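The next block holds one structure in the form of structure tokens; read it before the comments.
Just so it is clear, none of the values below were taken in a lab; they were calculated from the coordinates. Bear in mind the structure is a predicted one, so any value in this text is a computation, not a measurement. Cβ sites come from the backbone with ideal geometry, for glycine too, and all protein chains shown count toward neighbours.
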Amino acid sequence: MSVRENGRRHLTRLLASEIGLTFRRPRNLAMLGVLAVVPVLVGVAVRVASGGDVGGSIIGQIAGNGLMLTFAAFAVMTPIVLPLTVAVVAGDAIAGEASQGTLRYLLVAPAGRTRLLLVKYANVVVFCLAACALVALSALVAGLVLFPAGPVTLLSGTTIPAADALLRAGVVVLYAAAGMAALGAVALAVSTLTEAPIGAVATSVVLVVVSQVLSAIPQVAAVRPVLLTSWWGAFDGALRAPVAFDQMGQGLLAFAAYVLVFGSLAWSRFTSKDITA
Amino acid sequence: MAKRTRAVRWGVPVAAVAVVAAAVGTGPVIAAVRSDPSLPDRTAEQLLADVARTWQNGRMPQMSGTIVETASLGLPALPGLSGLSGPGGPSGASPASLLSGSHQLKIWYAGEDRFRLMLPGEMSETDLVADGGTVWLWDSAANKATRLTVPAAPEGGHGGGHGGGHGGAFPMRPGAASPFASPFATPEQAARQALQAAGTDTAISVGDVVTVAGRAAYQIVLTPKSADSLIKDVRVALDGEKLMPLRVQVYAKGAAEPVFEVGFESLSFTAPAPENFSFTPPPGAKVEQGTATPPQDHRPEALAEAHDRGRVVGSGWDSVLVTSLPDVPAQDVPAQQQDGKGRDGMDVTALLDGLKGAATPVSGEWGSGRLLRTKVVSILVTDDGRLLAGAVAPEALYRAAGVKG
């Protein structure tokens, strides 16, 4: 009983220390800074350009309603910017410790490899959530400062009150974070395979780019439902009336499948490999 | 660590992959086994009669559902045809993109004049909302709402006789719904067209009972008797209870998968929420007025137009469209029977150039030209400026080309 409690307390402490390390690393802070700046840049660009014809796309609608910047930011950032930051954090998780020789010391603690891996992944998930929330917050603030706010027009042409729009923005944040967490599992699995963190990060990013390219080629349209990247864009289901829960639900299932497969891969590799460094 | 333990550990991801693959691959199988569709036996005649009776009453049940259209016509990669799309859904809501890949359409149906069709795109949406006499066409990418005035057509004038009559505003008129105009067809439209085309040249039989969108359905199999036809058969799945078409599949000769399929992926026979039918143009949107043209086949001038442009040689499955270039390039695919004129945003010239590039040179007693073969359509562009197309083997095109007219 007390041993288990001890173990749990140890786990919590380990996670807290991991999260602390993640959010104190200058590199990660710089990435978060970029994530916060991109929505502002989009907003400023629209503000500057809004003298001319802004068109009717989601970007164009920002000029009329600052709240739309939140959704536009995700449309702009989910394909590559957000995945990049997640790949860096998750790809570094094991390989980084291994290359610095600190992995051995972590394993000296009585947590066990399975628990250490769980803590590492939980840390990645927290980072994904924080990154997506930061994008939404930054876009929200920038949108409110630069543009008028008011009832939001959905993709279906229905107009909803601003409070509802904020709720839907929350749904988008959670969905996007889930999508990024799935990528985090992939990058974590790659991270257990190597002791060069840059290799793990690069591999994860290349996987994302290859997926994006594949889903742009009509001749291989059949593989689209299998690709992780195809489901990231389905957050736009939150902008329809009625909300396209079926599409987003399928997306979440796809994310869960990726976490299951690559999480178990990471576990087998991490619990069976010889840690020499 | 012992080798054996290590092997066991690697078994876990393998098992995970197997579980996911099984869940993805056998979902439809499980559904099919679970419901094990069983319906009372009906002959083709009984079934068709029942269908005709149901349609004569003209009332489709209230429902909402998702229709998925999949086309693998074997067209070469043509400019303007590539549908860059998301997971199951499309990105471009362009009708031309429906000719390749898989596309989704959502439908809410409460009555002939109260329905909504939604074509989702990536961060965009096209909607057709009909509520009584008001019909709105909403294009979110253009931020444009078009109010379509439906001319007061004499309804009920075509109830009896043939089972293929148009029943009211739904399925929507091709002209009324320009973005949804053919090549996309609802199961209802496609089924009617298939049944209309049936005649002495078609063998009609009842296939195995299948499950479509979780519902047990009869299958009517239409098999062309002609040897020239590239189409093996057309299978129409009819809901066992409501006798509503749930799916239409077109199989080409020598292909295991359907070349064209449109059917419900999910379907529920409950009254849709009323807010689906109330559309108000959002503030800031462009609002335009448009006029919905009556359906093409109800328009005498459409026939005249078609006559000016080209003629049809042969009948039924062997129909070959003969037309001249380049005045009427959009008529190249007769199966679509579309009004063409590039209205759907296809770059017709580029498309035609693409066709010519992908075609192989052929010649014979009839002359010479270029031939494009796909799984279901053959297209022949002769050097003297004619275009022949049909769902037939090239030999039938050559025969038609030999007859100067």
For a label point 7 angstrom out from the Cα of residue A:19 toward its Cβ, which stretches of segment A:113-150 have the backbone nitrogen within less than 19 Å?
-> A:115-137
Stretched out fully, how many nm does the piece from residue B:147 to residue B:358 gain, at 0.36 nm a residue minus the Cα gap?
-> 71.9 nm
Label-point separation (nm) for residue A:246 and residue B:8, each offset 7 Å from Cα along Cα-to-Cβ?
-> 4.4 nm
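Provide A:68, A:248 in ascending order of the number of other Cβ atoms located within 10 Å of each residue's Cβ, fewest first. Could the numbers behind the result be given before it?
Working: A:68 25, A:248 22.
Least to most surrounded, the residues fall as A:248, A:68.
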Separation between the residue A:114 and residue A:102 pseudo-spin-labels, each 7 Å from Cα along Cα→Cβ, expressed in nm?
-> 2.6 nm
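Calculated FRET efficiency, residue A:81 and residue A:122, Cβ-Cβ r, R0 25 Å, to nearest 0.05?
Values: r = 23 Å, r/R0 = 0.93.
Once the sixth-power term is evaluated, E becomes 0.60.
Using the Kyte-Doolittle scale, find the helices of chain A whose mean hydropathy is at least 0.5 and whose Cα atoms extend 24 Å or more along the helix's long axis, counting only whole DSSP H runs. The partial results should precede the final answer.
Working: long enough: A:2-24 (32 Å, -0.50); A:26-49 (34 Å, 1.72); A:81-100 (27 Å, 1.18); A:113-146 (49 Å, 1.89); A:162-193 (47 Å, 1.73); A:197-214 (26 Å, 2.07); A:245-272 (40 Å, 0.80).
Membrane-span-like by this criterion, though nothing is claimed about a membrane: A:26-49, A:81-100, A:113-146, A:162-193, A:197-214, A:245-272.
Between residue B:395 and residue B:311, what length comes free when the chain is fully extended (0.36 nm per residue of separation minus the Cα-Cα distance, one decimal in nm)?
Details: separation 84, 0.36 × 84 = 30.24 nm, distance 1.83 nm.
Using 0.36 nm per residue and subtracting the Cα-Cα distance, I get 28.4 nm.
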Label-point separation, residue B:403 to residue A:198 (7 Å along Cα→Cβ), nm = 7.3 nm
Provide B:134, A:78 in ascending order of the number of other Cβ atoms located within 10 Å of each residue's Cβ, fewest first.
-> B:134, A:78
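I'd like the FRET efficiency for residue A:6 and residue A:137, computed as 1/(1 + (r/R0)^6) with the beta carbon distance as r and R0 of 35 Å, rounded to 0.05. Walk me through the intermediate numbers first.
Values: r = 37 Å, r/R0 = 1.07.
Plugging the Cβ-Cβ distance into 1/(1 + (r/R0)^6) gives 0.40.
Counting other beta carbons within 10 Å of each residue's own, what order do B:138, B:366 fall into, fewest first? Please list the in-between numbers first.
Numbers: B:138 24, B:366 19.
In order of increasing Cβ crowding within 10 Å: B:366, B:138.
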Value at 222 nm in deg cm²/dmol, rounded to 500, when DSSP H runs of n ≥ 4 in chain A each add -39,500 (n - 2.57) | -25000 deg cm²/dmol
If R0 = 51 Å, then residue B:289 and residue A:27, at their Cβ-Cβ distance, give a FRET efficiency to the nearest 0.05 of 0.35
